[in-house]
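K.L.:
Questions regarding the structure given below will be posed in turn.
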Amino acid sequence: MSQKILLTSKEVNIILHRLACQLVEKHLDFSDTILIGIQPRGTFLAERLKDLLEKEYKIPKIALGYLDITFFRDDFRRTNKPLEANKTQINFIVENKKVVFIDDVLYTGRSIRSALTAIQSFGRPSEIELLVLIDRRFSRHLPIQPDYRGRQVDAINDEKVQVCWKDQDGKDAVYLINK
């Protein structure tokens, strides 16, 4: 097994600022916008972006929620291992709001399809956008594309993209791992 670094800590930081600027450009004061981190790994990116938007770009009170998609996945009954659900934390109505789904890696698109189904339990958003740190563009099973992307990566199916976060893993970095 070998690994190649795709993004260093400095590059991750630059990308986070660029993504934050793109969000500000589109959503201005975020009064009608909600950020939703897809559990489990999208929550780290969502928290970092919220923190950046509030502290660096002085946007107060950004609504942030976490969405668990475990039981909305189309493959959740096809495995013998027990499922470990995460906690959904959405303490607001999404009815007529602009929702930005946030995830670390866009791979097949199945997680996002599941999130589209799961969010309906909280109302009907006026629109939904997708922000990802890494877009594995040649791996899609569904016609889903990000509105905001940090980096596009051409990885073949037996390669894995691993995103490390300072808060969770001790450092910010993205690796391409060959099995």
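The values are calculated or read from the model by the stated rules, or taken from the named source; none is laboratory data. Just so it is clear, the structure is predicted and the values come from calculations on it, not from any experiment. Quick reminder, even Gly has a Cβ in these numbers, built from the backbone with ideal geometry, and neighbours come from all protein chains shown. Protein only, heavy atoms only, side chains kept; ligands, DNA and RNA dropped before computing areas. Shrake-Rupley method; radii C 1.70, N 1.55, O 1.52, S 1.80 Å.
K.L.:
So who's got an amide H within less than 5 Å of the one on Gly65, skipping anything under 5 residues away but keeping other chains? H placed 1.01 Å off N, in plane.
P.N.:
Leu35, Ile36, Gly37
K.L.:
For Ser126 and Lys179, what does the FRET efficiency come to when R0 = 41 Å and r is the distance between their Cβ atoms, rounded to the nearest 0.05?
P.N.:
It comes to 0.45.
K.L.:
In terms of modelled amide H atoms, which long-range or inter-chain residues lie less than 5 Å from the amide H of Ser139?
P.N.:
HN-HN under 5 Å from Ser139: empty list.
K.L.:
From the backbone phi of the range 98-111, what are the Karplus-calculated ³J(HN,Hα) couplings (6.51 cos²θ - 1.76 cosθ + 1.60, θ = phi - 60°) in whole Hz, Gly and Pro given as x?
P.N.:
8, 10, 10, 6, 10, 9, 6, 10, 9, 10, 7, x, 5, 5
K.L.:
Short version: ³J(HN,Hα) in whole Hz for each residue of the range 157-172, in order, from phi by Karplus 6.51 cos²θ - 1.76 cosθ + 1.60 (θ = phi - 60°), x for Gly and Pro, what are they?
P.N.:
4, 8, 9, 10, 9, 10, 9, 10, 10, 3, 5, 9, 10, x, 7, 8
K.L.:
Heavy atoms only, probe 1.4 Å: what % of the accessible area of the chain goes to carbon and sulfur, would you let me know? Could the numbers behind the result be given before it?
P.N.:
Values: 4730 of 9980 Å².
For the chain, the apolar C and S fraction of the accessible surface comes to 47 percent.
K.L.:
Keeping every protein chain present and rolling a 1.4 Å probe, give me the accessible area per residue for the chain in Å². Walk me through the numbers before you get to the answer.
P.N.:
Details: 9980 Å² over 179 residues.
I get 56 Å² per residue for this part.
K.L.:
How much accessible area does Arg149 have with a 1.4 Å probe, in Å² rounded to the nearest 10?
P.N.:
Accessible area of Arg149: about 80 Å².
K.L.:
Can you give the charge dipole size of the chain about its Cα centre, rounded to the nearest 20 debye, using +1 on the beta carbon of Lys and Arg and -1 on the beta carbon of Asp and Glu? Show your work: numbers first, answer last.
P.N.:
Details: 29 positive and 25 negative charges, 73 e Å.
Using Cβ point charges on Lys, Arg, Asp and Glu, the chain gives about 340 debye.
K.L.:
I've got another one for you. Could you tell me the calculated FRET efficiency between Asp158 and His17, based on Cβ-Cβ distance and R0 = 25 angstrom, to the nearest 0.05? If you can, show how the numbers build up before the last one.
P.N.:
On the way: r = 33 Å, r/R0 = 1.31.
Using R0 = 25 Å, I get an efficiency of 0.15.
K.L.:
Between Thr70 and Glu56, how many nm apart are label points set 7 Å from Cα along the C-beta direction?
P.N.:
The modelled label-to-label distance comes out at 3.3 nm.
K.L.:
In whole percent, what relative contact order does the range 66-179 give with Cα contacts below 8 Å and a gap of six or more residues?
P.N.:
Working: 192 pairs, mean separation 24.7, N = 114.
Value for the range 66-179: 22 percent.
K.L.:
Using only the alpha carbons of the chain, what is the convex hull's orientation-averaged projected area in square nanometres?
P.N.:
Details: hull surface 42.0 nm².
So the Cα hull casts an average projection of 10.5 nm².
K.L.:
Over the alpha carbons of the range 101-147, what is the largest minus smallest coordinate on each principal axis, giving the biggest first in Å?
P.N.:
For the range 101-147, the Cα extents along the three principal axes come out at 32, 18, 15 Å.
K.L.:
Right, another one. Only bridges with both residues in the chain count here: give the DSSP antiparallel percent, nearest 5.
P.N.:
Numbers: 12 of 35 bridges.
Antiparallel bridges make up about 35 percent of those DSSP assigns within the chain.
K.L.:
Could you compute how much accessible surface Ile69 exposes when probed at 1.4 Å, giving the result in Å² to the nearest 10?
P.N.:
Accessible area of Ile69: about 10 Å².
K.L.:
Just in the range 95-179: which chymotrypsin sites (Phe, Trp or Tyr not before Pro) are loop by DSSP and have at most 11 other Cβ atoms within 10 Å? Walk me through the numbers on the way to the answer.
P.N.:
Values: sites: Phe101, Tyr107, Phe122, Phe138, Tyr148, Trp165, Tyr175; in loops: Tyr107, Phe138, Trp165.
Listed in order of number, the matching sites are Phe138.
K.L.:
Could I ask something else about it? At most 11 other Cβ atoms within 10 Å and a DSSP loop assignment: could you name the GluC sites (Glu not before Pro) in the range 91-169 that fit? Spell out each step's value before the answer.
P.N.:
Details: sites: Glu95, Glu127, Glu129, Glu159; in loops: Glu95.
Qualifying residues, ordered by number: Glu95.
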